[in-house]
Amino acid sequence: PRYRPDWASLDARPLPAWFDRAKVGVFVHWGVFSVPAWGSEWFWWHWQGQHDAAYERFVRRRFPPGTTYAEFAPRFTAFDFQPRQWAQLFQRAGARYVVLTTKHHEGFTNWGSPVSWNWNSVDTGPHRDLVGELGEALRESNLRYGLYHSLMEWFNPLYLADKQSDFKTQSFVLKKTMPELYDLVLKYKPDLIWSDGDWEAPDSYWNSTSFLAWLYNDSPVKDTVVVNDRWGRGCSCHHGGFYNCADKYRPGTLPDHKWEMCSSLDKLSWGYRSNMSLAEVMDEMSIIEELVQTVSLGGNYLLNVGPTKEGVIVPIFQERLLALGRWLDTNGEAIYESQPWRVQMENTTDTVWYTSKGPVVFAIFLLWPLDSVLRLASPIPSPDTQVTLLGFGGTLEWQKQPGQGMLITLPHMLPSPLSPQSGWAVKLEGVK
């Protein structure tokens, strides 16, 4: 069927199956904001949109008088950017898809956009097509490629004029936003479009529905592409493909629509900050907890890193990504391609979460019980029930719990006090 440019029609499109199966992705925030590398990726806005005193002081202390944001662009060098190394890292982290910022709200494009003259990564800065290079490397590694794109640009004169007219005019959309979106799709054939920057204007201003109708009907990726829900004021959590709802969104109960939780390794920023401290970086345990809770509730987990202006993913970020990958090497069977079970978590505790695959149920427990006996109230065992611990050979002994549920005797291999490992998964076969 052909999709009409209205939400009723577009929202009825089935989500391509690869996205729900993937479960784990890596988000990359990279742009001219990586040059001051301070505060957050909203640096320009805080500095010159809000005239925040801390940002003004920072620029005065570190840069010559009269410095403009545009002068940061040549310092965005990407000298050390090695896309194949990134792809390898993301693959080892267990990611099945990667989303790169092609353009943040600052308007600088990480490819040679024909409508962003001299404010793009080919004309200035790296003099490289960052979007294209990373895409090639990811595809070699069989990873899906998503493109983040901001609809708006804080200081673009065309956007400001449209805003002045209360969005009755559309010069910015017709000359900038839409040409860039079509260019990205035709040039890079993305698996996912992660839209943002939509909140000031309605979707009718952005021409979102006509773009999505073209994307679903006639684009080169019409059968595989997935989009999120940020296509105009009020669309979030209501329209589009999967729902993000809000940054770091966590539903309390199982939503009836496919969703994604985006989180950042640096708890205070999405872009790289040179003054980031260790305490501000998510630890391994928190990452695994977020992943497990998200997937149990039917979501995908998109974990963000901000590379430096040279294109380095700092070692602490690499270390955290690789720790996630090692956990997934052992426990991925309970995560990838799983479905929410009839119960998402044990009522008595939020440290046991469930996923399922067909008749098989996985109970993922975040804390190792002191007596090495795992108590599960929700599964109903049968005489044929078999229990195994992922990453551990052999079956485990279990007994019916008085009342309902089961007691599982875990192997005596108490986690070493050295590594704060978190999260183990038992595989339950023959339970209801």
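A few notes on this one:
- Length added when fully stretched, ASP329-THR348, from 0.36 nm per residue minus Cα-Cα: 4.0 nm
- Per residue, the chain exposes an accessible area of 42 Å² to a 1.4 Å probe, with every protein chain left in place.
- In the chain, helices alone account for a calculated mean residue ellipticity at 222 nm of -7000 deg cm²/dmol, with every DSSP H run of four or more residues adding -39,500 (n - 2.57).
- When HIS412, HIS238, HIS105, HIS46 are compared by accessible area at a 1.4 angstrom probe, the order from most to least is HIS412, HIS238, HIS46, HIS105.
- Taking every protein chain into account, the 1.4 Å probe leaves LEU322 with about 40 Å² of accessible area, to the nearest ten.
- Cα-based shape type of the range 172-242, given that a ≥ b ≥ c are square roots of the gyration tensor eigenvalues and the cut on a/c is 1.5: oblate
- Here the chain is scanned for GluC sites (Glu not before Pro) in DSSP loops (not H, G, I, E, B) that have at most 15 other Cβ atoms within 10 Å, and the longest stretch holding none of them is 1-199.
- From phi via Karplus (6.51, -1.76, 1.60), per-residue ³J(HN,Hα) for the range 379-388 in Hz, x at Gly/Pro: x, 9, x, 10, x, 8, 4, 10, 10, 10
- Charge dipole (the range 339-431, unit charges on Cβ, about Cα centre) - positive-most of GLY391, VAL360, GLY405: VAL360
- Dipole magnitude of the range 7-334 about its Cα centre (Cβ charges: Lys, Arg +1; Asp, Glu -1), debye to nearest 20: 300
- Extending 7 Å from the Cα toward the beta-carbon at both THR409 and ASN118 defines two label points whose distance is 7.7 nm.
- Extension gain, PHE63 back to THR169 (0.36 nm per residue minus Cα-Cα distance, nm): 34.4 nm
- Selected from PRO381, ALA87, PRO255, residue furthest toward positive end of dipole (the chain; charges at beta carbon): ALA87
- Note on the chain: antiparallel DSSP beta bridges, both residues inside, total approximately 50 percent of the bridges counted.
- A 1.4 Å probe over all protein chains sorts ASP198, ASP223, ASP52 by accessible area into ASP223, ASP52, ASP198, starting with the largest.
- Accessible area of TRP86 in the full protein assembly, 1.4 Å probe (Å², nearest 10): 10
- Residue-wise HN-Hα coupling along the range 397-406, computed from phi with Karplus coefficients 6.51, -1.76, 1.60 (Hz; x: Gly, Pro): 7, 9, 9, 5, 7, x, x, 9, x, 8
- Out-of-range pairs (alpha-carbon distance over 26 Å; input LYS176/LYS222; LYS23/LYS432; LYS103/LYS357; LYS267/LYS309; LYS163/LYS309): LYS103/LYS357; LYS163/LYS309
- Distance between the range 79-126 and the range 178-247 - C-alpha centres, whole angstrom: 19
- A Cβ-based charge dipole, computed about the Cα centre of the range 171-251 with Lys and Arg at +1 and Asp and Glu at -1, lands at about 80 debye.
- C-alpha long axis of helix 208-217 to longest principal axis of the chain, angle in °: 60
- By accessible area with a 1.4 Å probe, ligands and nucleic acids excluded, highest first: order of SER150, SER274: SER274, SER150
- Per-q log10 I(q)/I(0), the range 339-431, q = 0.24, 0.26 Å⁻¹ (Debye; single scatterer per alpha-carbon; no solvent): -1.44, -1.68
- Distance (nanometres) between label positions extended 7 Å along Cα→Cβ at ARG250 and GLN88: 3.5
- When its C-alpha radius of gyration is set against 2.2 N^0.38 Å (N residues), the range 1-107 gives a value of 1.51.
- The portion of the accessible surface of the chain made up by carbon and sulfur, rounded to a whole percent, is 53 (1.4 Å probe; DNA, RNA and ligands excluded).
- Applying 1/(1 + (r/R0)^6) with R0 = 45 Å to the Cβ-Cβ distance of LYS267 and ASP371 gives a FRET efficiency near 0.85.
The values are calculated or read from the model by the stated rules, or taken from the named source; none is laboratory data. Small disclaimer: the values here were computed from a predicted structure and weren't measured. Reconstructed Cβ throughout: ideal geometry from the backbone, glycine too, with neighbour counts over all protein chains shown. The accessibility values were calculated without ligands, DNA or RNA, using every heavy atom of the protein model including side chains. Shrake-Rupley method; radii C 1.70, N 1.55, O 1.52, S 1.80 Å.
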